[in-house]
Amino acid sequence: MGLETSASYEFVRSQSEVSACHPYVRPLIMKAYRFNDASYVKNPDQRLAHTYEPEQLVSVEALDRLGVKYWSIPIQGWEPKIDAIAAERAYKNRDLINVTKEGLGELYESKIKSFFEEHLHEDEEIRYILDGSGYFDVRDFQTDSWIRIGVVPGDLLVLPAGIYHRFTLDHTNAIKALRLFQDEPKWIPYNRSPETDRNPFRQEYAKSVSIAV
Ligand SMILES: [Fe+2]
């Protein structure tokens, strides 16, 4: 397959489209659902799925309303497709992050804990998953509850500037992801506090989400 036109990268609109006709469908794709806080309190292992019983799935449209963008791009031949999306959305820089026990050594546990601190950035957080898996948790703006997004290879996820979120590995304990940046990497995580509620990027985000709802 040659290089696709940008029209081929249309945003995946719904779970049914994902499973039925999207050109980049894979059998295993991102799954978003309501995070079960009570389950986490009972067993505070952040790597567990912590679903409700039955699961409360969250649609791609609901994520879109929170400003969270999702694409499914198969690993096979991913590079020109990611290049096209990067060009279209003006992502100029990129690097590779490999989070494993072996890679991080003694820092592993502390790093995993710090990724799981609720925070925001003043820039988009863009990840294309190349290997392994993990969970991005994002706050539902309306209810302030967590939505857990399970990502696997081929998932491209964009979290908007100003959204409260956190990340954890899952039971596989490994993830390899491409990080894309609009400009130079600005990776300051601002942990949630009354001060971050007043951050202009948070306020801008709050305004955009309120309009979208
Ligand atoms: Fe982050």
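Bear in mind these aren't lab numbers, they're just calculated from the coordinates by the rules spelled out. Bear in mind the structure is a predicted one, so any value in this text is a computation, not a measurement. Neighbour counts are summed over all protein chains in view; Cβ atoms, including those assigned to glycine, are modelled from backbone coordinates with ideal geometry.
Ignoring everything except DSSP H segments at least 4 long, calculate the 222 nm mean residue ellipticity for the chain; use -39,500 (n - 2.57) per segment, divide by total residues, nearest 500. Intermediate values should be presented prior to the final figure.
Working: 8 runs with 58 residues, N = 213.
It lands at -7000 deg cm²/dmol.
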Pairwise FRET efficiency - Q56 versus T172, Cβ, R0 = 22 Å, nearest 0.05: 0.40
Express in whole angstrom the spacing between the alpha-carbon centres of the stretch 172-194 and the stretch 120-145. 9
Estimated vicinal HN-Hα couplings, Hz - the stretch 87-95 in sequence order (Karplus 6.51, -1.76, 1.60; Gly, Pro = x): 5, 4, 9, 6, 8, 8, 10, 7, 8
Relative to the Cα centre, what is the charge dipole magnitude of the chain, using +1 at the beta carbon of each Lys and Arg, -1 at the beta carbon of each Asp and Glu, and rounding to the nearest 20 debye? 120
Going down the table (K69/K92; K92/K113; K111/K207; K81/K113; K69/K176), which pairs top 24 Å between alpha carbons? K92/K113; K111/K207; K81/K113
Once you order the gyration tensor axes a ≥ b ≥ c over the Cα atoms, which shape class does the stretch 15-212 get: rounded for a/c under 1.5, otherwise prolate or oblate by comparing a/b with b/c? rounded
Ranked packing of 187-197, 53-63, 121-131, most packed first, by mean Cβ within 10 Å: 121-131, 53-63, 187-197
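Ranked highest first by average number of other Cβ atoms within 10 Å, how do 99-106, 141-148, 163-170 line up?
Numbers: 99-106: 12.5, 141-148: 15.1, 163-170: 21.2.
Result, highest mean Cβ count within 10 Å first: 163-170, 141-148, 99-106.
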If you plug each phi of the stretch 172-189 into the Karplus form 6.51 cos²θ - 1.76 cosθ + 1.60 with θ = phi - 60°, what whole-Hz ³J(HN,Hα) values come out, in order, with x for Gly and Pro? 6, 6, 7, 8, 10, 9, 8, 9, 10, 9, 6, 10, 5, x, 10, 10, 6, x
Can you work out the FRET efficiency for the pair T196 and D144, with r the C-beta to C-beta distance and R0 = 22 Å, to the nearest 0.05? 0.95
³J(HN,Hα), Karplus 6.51/-1.76/1.60, whole Hz, each residue of the stretch 68-73, x for Gly, Pro: 8, 9, 9, 10, 10, 10
I'd like to know which of Q76, N98, A86 lies farthest towards the positive end of the charge dipole of the stretch 50-106, counting +1 on Cβ of Lys and Arg and -1 on Cβ of Asp and Glu. A86
